[in-house]
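S.K.: Okay, here's the structure, questions in a sec.
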Amino acid sequence: MEEVTFEVNLRRNLLHPKLITLAYRPSHCPRCQQDFDDVVIEYITLDNGHLLVIRDVPALRCRTNGHEYILEETLNKVERLLELEKKQGIQPTERLSVPVFSLKKAA
């Protein structure tokens, strides 16, 4: 048996932490067999200490239990966009100002 090495860089969506990646679109929710709704989400991740927001990401949401899924093809597009931003410095469509607080101020 030949040893194979590959790199996996899984990014977590901070706004949708339980988002599950599917290789293909099933007709019903794999967890509870209920119908899906096609939704559009924001994919928010951290990259080298920078908060990145990707808008207009298609996803699937279970109508009954709210389980959320993203297709592998869509996730690949997200990864390509993040790589383009890193390597070619593509410009974002907008910039957001994010307030940052220290809990020490509440003491």
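S.K.: Work out how much length SER97 to ARG80 would gain on full extension: take 0.36 nm times their residue separation and subtract the Cα-Cα distance, in nm to one decimal.
M.R.: Details: separation 17, 0.36 × 17 = 6.12 nm, distance 2.45 nm.
Stretched out fully, the SER97 to ARG80 stretch lengthens by 3.7 nm.
S.K.: Separate question: Once you have a ≥ b ≥ c as the square roots of the Cα gyration tensor eigenvalues for region 56-107, tell me rounded if a/c is under 1.5, and otherwise prolate or oblate according to whether a/b is larger than b/c.
M.R.: Values: a/c = 2.87, a/b = 1.19, b/c = 2.42.
Because a/c hits 1.5 or more and a/b fails to exceed b/c, region 56-107 counts as oblate.
S.K.: Of the GluC sites (Glu not before Pro) in region 7-107, which ones lie in a loop per DSSP and count no more than 11 other C-beta atoms within 10 Å? Don't skip to the answer; put the middle values down first.
M.R.: Values: sites: GLU7, GLU42, GLU68, GLU72, GLU73, GLU79, GLU83, GLU85, GLU94; in loops: GLU7, GLU94.
Passing both the DSSP loop test and the Cβ count: GLU7, GLU94.
S.K.: Return the unpartnered cysteines for the chain, using a Cβ-Cβ cut-off of under 4.7 Å.
M.R.: Among the cysteines of the chain, those whose Cβ sits 4.7 Å or more from every other are CYS32.
S.K.: Using alpha carbon coordinates only, what is the Rg to Rh ratio of region 20-106, with Rh defined as the Kirkwood radius? Walk me through the numbers before you get to the answer.
M.R.: Details: Rg = 16.4 Å, Rh = 15.2 Å.
So for region 20-106, dividing Rg by the Kirkwood Rh gives 1.08.
S.K.: So, one more: For every other residue with a beta carbon closer than 10 angstrom to the beta carbon of VAL53, add +1 if it is Lys or Arg and -1 if Asp or Glu, then tell me the sum. Before the final figure, lay out each step's value.
M.R.: Details: positive: ARG55, ARG95; negative: GLU42, GLU94.
Once positives and negatives cancel, what remains is 0.
S.K.: Check ILE20: other-chain or 5+ apart residues with amide H under 5 Å from its amide H, H built from backbone geometry?
M.R.: The answer is GLU68, TYR69, ILE70.
Since every read-out is calculated from the coordinates, none of them should be taken as a lab result. Just so it is clear, the model here is predicted, and its values are computed rather than measured. Backbone-built Cβ (ideal geometry, glycine too); neighbour counts: all protein chains shown.
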